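Since the structure comes first, as structure tokens, the remarks are kept for the end.
The values are calculated or read from the model by the stated rules, or taken from the named source; none is laboratory data. Just so you know, these numbers come straight off a predicted model, no measurement behind them. Every residue, glycine among them, receives a Cβ derived from its backbone with ideal geometry; neighbour counts consider all protein chains shown. Surface accessibility is based on the protein's heavy atoms, side chains included, excluding ligands, DNA and RNA. Shrake-Rupley method; radii C 1.70, N 1.55, O 1.52, S 1.80 Å.
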Amino acid sequence: MTVPLSGLVMLLLLWASVRDLLYRKIGNRLVLVLAVLWLGEAGWQAMRDSAIAPQVLHHALLSLPGAGAVLAVGFVLFRLGFVGAGDVKLVAVLCLWVGAPMQSAFLIVTSLAGGLLVLCMPVLRALESWLACLWWSWSRRIPALHGISVPHCLSDSPAPGIPYAPAIALGAAFTLNFPAHS
């Protein structure tokens, strides 16, 4: 992954984490942007050096079955009520980014980060409330943001569950920036 694109992916993951904390939603557009960026990155690498184009295509194609399996298993878990649909889609698209050799490592690191997230729930709830108050006060001052909805923790009926996007983002950031080598 090229450096500017890496920074953009990390910013998108930060946005997904904040949005998940505030609203318990990971938007389809964000997942679609990550998928299009992945395709663009693969295409750019192949066009930049035609000698490695077959390897880039092979690497990209090898990433698809793992991402598809994550999507299929995740859909079942979503239907059973264990995970959110946005979480599943985000993990699946990030499986494309990390590539087939690193997909298992990504899932393990993400699971470990999720366990840490659960252990730190009191701190996370405090962060969530602070972030929601900050976001809500800013949105009241900016006319273009007047139509946004109230963050879930400030509403009358806060959304249940755990915002898992921060753990997913941490797993992806770690795996993309510190790939394991065998």
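If you scan the stretch 1-45, which residues turn out to be crowded, with 17+ Cβ neighbours inside 10 Å, aliphatic (A, V, I, L, M) and over 13 Å from the mean Cα position of the chain (by Cα)?
M1, L22, L37, A42 - these are the residues of the stretch 1-45 that are crowded, with 17+ Cβ neighbours inside 10 Å, aliphatic (A, V, I, L, M) and over 13 Å from the mean Cα position of the chain (by Cα).
Out of the residues in the stretch 53-71 that are exposed (fewer than 15 other Cβ atoms within 10 Å of the Cβ) and hydrophobic (A, V, I, L, M, F, W, C), state the one that is farthest from C95 (Cα to Cα).
L57
Name the pairs: first residue in the stretch 71-100 and at negative phi, second residue among the aliphatic types (A, V, I, L, M) and not in a helix (DSSP H, G or I), Cβ to Cβ under 6 Å, at least 6 apart or on different chains?
L77/V83; G86/I26; L90/I26
Taking the criterion of being closer than 23 Å to N177 by Cα and open to solvent by less than 20 Å² (accessible area, probe 1.4 Å), would at least one residue in the stretch 112-120 satisfy it?
Yes, the stretch 112-120 has at least one match.
Scan the stretch 92-100 and give yes if some residue there is more than 13 Å from the chain's Cα centre (by Cα) and not aromatic (F, W, Y), otherwise no.
There is at least one residue in the stretch 92-100 that is more than 13 Å from the chain's Cα centre (by Cα) and not aromatic (F, W, Y).
Residue check: is V33 among the β-branched types (V, I, T), under 20 Å from M102 (Cα atoms) and part of a helix (DSSP H, G or I)?
no
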